[in-house]
Amino acid sequence: DAGVIQSPRHEVTEMGQEVTLRCKPISGHDYLFWYRQTMMRGLELLIYFNNNVPIDDSGMPEDRFSAKMPNASFSTLKIQPSEPRDSAVYFCASSFRGLGTEAFFGQGTRLTVV
Amino acid sequence: RKEVEQDPGPFNVPEGATVAFNCTYSNSASQSFFWYRQDCRKEPKLLMSVYSSGNEDGRFTAQLNRASQYISLLIRDSKLSDSATYLCVVIPAGGTSYGKLTFGQGTILTVHP
């Protein structure tokens with residue numbers, strides 16, 4: 001298996017633009033997580049899905065952020081409009097059954113909003 | 001209070017030293033515990049699971065104290081390659097947070113010659 005695949009690896013955009021981050025989880029995994037990591041706040045859980053259904057989105061910073069999982073093999077995290085404070089590394093992770101099992105992370109998307 | 005708290009360090013130790021990290025969690029219903037390792041500019045990767053009876057993997061020992069709600073990681077005979085950020089992870093058992101993987105802030109370890 002290729003592991004969790006995220007794209008793009010790097011994104012530089014101007015403030016106010018829409019940004020879409022993509023994630024392909026490991027085949028067969030039923031949990032998918034979106035995290036944001038910064039030096040100041042560490043690794044923050046934004047939202048997670050179980051069987052394509054959002055379970056907890058309490059970590060989504062504000063309405064500018066949205067996430068979808070239209071099928072078991074694809075998820076997007078969208079920021080519209082983007083702001084400089086959104087600059088961070090965004091990780092997607094997936095796991096099987098969620099509880100007691102290893103979560104595998106993608107390599108992350110490094111987002112810079114200027 | 002944060003759900004999972006760690007001493008961010010940094011810990012600077014010489015090769016061969018023994019170093020220990022602790023992590024406290026607030027949800028007493030938490031059922032699964034892990035230590036992850038993250039190298040600079042890389043993604044987190046599982047280091048080891050933490051079992052109720054404690055477990056050991058080579059130079060690494062993980063322990064769980066449910067009464068005090070903390071987990072620990074002990075690294076013996078530190079190597080230069082152990083330099084990384086160590087993240088503790090907690091998963092609650094049920095309710096609306098079932099399956100929610102919550103990370104601590106991470107503890108930075110630097111092993112020097």
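Of all the residues that make up region B:1-28, how many are among the polar types (S, T, N, Q) and either open to solvent by less than 20 Å² (accessible area, probe 1.4 Å) or part of a strand (DSSP E or B) (or both)?
Qualifying residue count, region B:1-28: 4.
Which residues, counting only those in region A:46-60, are assigned to a strand (DSSP E or B) and more than 8 Å from chain B (Cβ to nearest Cβ)?
A:L46, A:I47, A:F49, A:V53, A:P54 - these are the residues of region A:46-60 that are assigned to a strand (DSSP E or B) and more than 8 Å from chain B (Cβ to nearest Cβ).
Which of the strands (runs of 3 or more DSSP E) found entirely inside region B:29-113 contain at least 1 residues meeting this: open to solvent by 30 Å² or more (accessible area, probe 1.4 Å) and without any contact (Cβ under 8 Å) to a residue 24 or more places away in the chain?
Strands (runs of 3 or more DSSP E) meeting the threshold: B:45-50, B:55-57, B:60-65.
Could you list, in sequence order, all residues of region A:71-109 that are of a type in the set (K, R) and either in a loop (DSSP other than H, G, I, E, B) or in contact with a Phe, Trp or Tyr (Cβ under 8 Å, 6 or more places away or on another chain) (or both)?
A:K78, A:R97
Of everything in region A:6-45, what is within 12 Å of chain B (Cβ to nearest Cβ) and either loosely packed, with under 15 Cβ neighbours inside 10 Å or aliphatic (A, V, I, L, M) (or both)? Give them in sequence order.
Of everything in region A:6-45, those that are within 12 Å of chain B (Cβ to nearest Cβ) and either loosely packed, with under 15 Cβ neighbours inside 10 Å or aliphatic (A, V, I, L, M) (or both) turn out to be A:R9, A:H10, A:L32, A:T38, A:M39, A:M40, A:R41, A:L43, A:L45.
Spot the failing condition for A:K68; the list is (1) within 22 Å of A:E18 (Cβ to Cβ); (2) touching a residue at least 24 places away in the same chain (Cβ under 8 Å); (3) outside any loop (DSSP other than H, G, I, E, B), and only one is missed.
Only one criterion is unmet by A:K68, namely (2).
The values are calculated or read from the model by the stated rules, or taken from the named source; none is laboratory data. Note that this is a predicted model, so its numbers are computed, not measured. With ideal geometry, Cβ positions are generated from the backbone for all residues, glycine too; neighbour counts draw on all protein chains shown. Heavy atoms of the whole protein, side chains included, go into the accessibility calculation; ligands, DNA and RNA do not. Shrake-Rupley method; radii C 1.70, N 1.55, O 1.52, S 1.80 Å.
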